[in-house]
Structure formats: C-alpha cells, structure tokens
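The values are calculated or read from the model by the stated rules, or taken from the named source; none is laboratory data. This structure is a prediction, so every number in the text was calculated from the model and none was measured. Neighbour counts run over all protein chains shown; Cβ positions are idealised from the backbone, glycine included.
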Amino acid sequence: MTGETAAHVAERAARASYGRLVALLAAPTGDLELAEDTLAQAFEQALITWPRDGVPDNPDGWLLTVARNQPSPPTSVRR
C-alpha cells in the first residue's frame with residue numbers, strides 16, 4: 001500500500017463497494033438485513049485484522065469471504 005492506513009482502505013471499500021457486496025450477500029436468501037449485518041461484522045473484523053496483518057491485495061474479496069463465513073443466527077432469532 002502507498003502509506004494508506006487500513007482504516008482508509010476499509011472506508012474506501014465501504015464507499016465504493018458496499019451496495020454490491022450487500023447484493024452479493026443477500027442474493028442467495030433475499031435477506032437484506034442479514035447481509036448488512038454480516039458485512040458490518042466483516043468490516044469490524046477488517047479494522048482489527050488489517051492494521052495487524054496488513055491490508056489484503058483484494059479488500060473487497062476479503063470482506064465478502066469473511067462476511068460469507070459469518071455464522072447465521074437461528075431462524076427464530078431473526079425477524
């Protein structure tokens with residue numbers, strides 16, 4: 001990276017790719033709320049992991065993978 005902080009990369013990814021990432025996450029189930037929640041958790045994990053381990057070459061791909069790997073809450077808990 002060119003001196004850009006992990007937080008700045010995460011912010012840029014959020015601004016540029018948030019809608020596309022949510023759409024990709026929601027596509028299999030149609031659950032937009034769950035997609036937004038799992039993506040928010042992925043961004044939170046990025047802000048913890050990236051400063052320590054470095055920003056990945058493909059931040060959007062990293063976020064999508066982490067969001068997809070989030071455990072789903074039981075159906076009875078979701079609205």
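Under the condition of being surrounded by 12 or more Cβ atoms within 10 Å (Cβ to Cβ) and either within 15 Å of residue 57 (Cβ to Cβ) or modelled with pLDDT under 90 (or both), the residues counted in the range 2-16 number 5. Does residue 38 fit the bill of being at pLDDT 95 or above, surrounded by 13 or more Cβ atoms within 10 Å (Cβ to Cβ), of a type in the set (Val, Ile, Thr) and part of a helix (DSSP H, G or I)? Yes, satisfied. Residue pairs whose Cβ atoms lie under 6 Å apart, separated by 6 or more positions or on different chains, with the first residue in the range 34-60 and closer than 19 Å to residue 20 by Cβ and the second part of a helix (DSSP H, G or I) and of a type outside the set (A, V, I, L, M, F, W, C), are 60/17. Which one is modelled with the lowest pLDDT among residues in the range 61-79 that are surrounded by 10 or more Cβ atoms within 10 Å (Cβ to Cβ) and over 15 Å from the mean Cα position of the chain (by Cα)? Only one residue tops the list, namely 78.
Inclusion of residue 29 among residues that are hydroxyl-bearing (Ser, Thr, Tyr) and surrounded by fewer than 16 Cβ atoms within 10 Å (Cβ to Cβ) is warranted.
Residues in the range 41-60 that are surrounded by 12 or more Cβ atoms within 10 Å (Cβ to Cβ) and in a helix (DSSP H, G or I): 41, 42, 43, 44, 45, 46, 47, 49, 50, 51, 59, 60.
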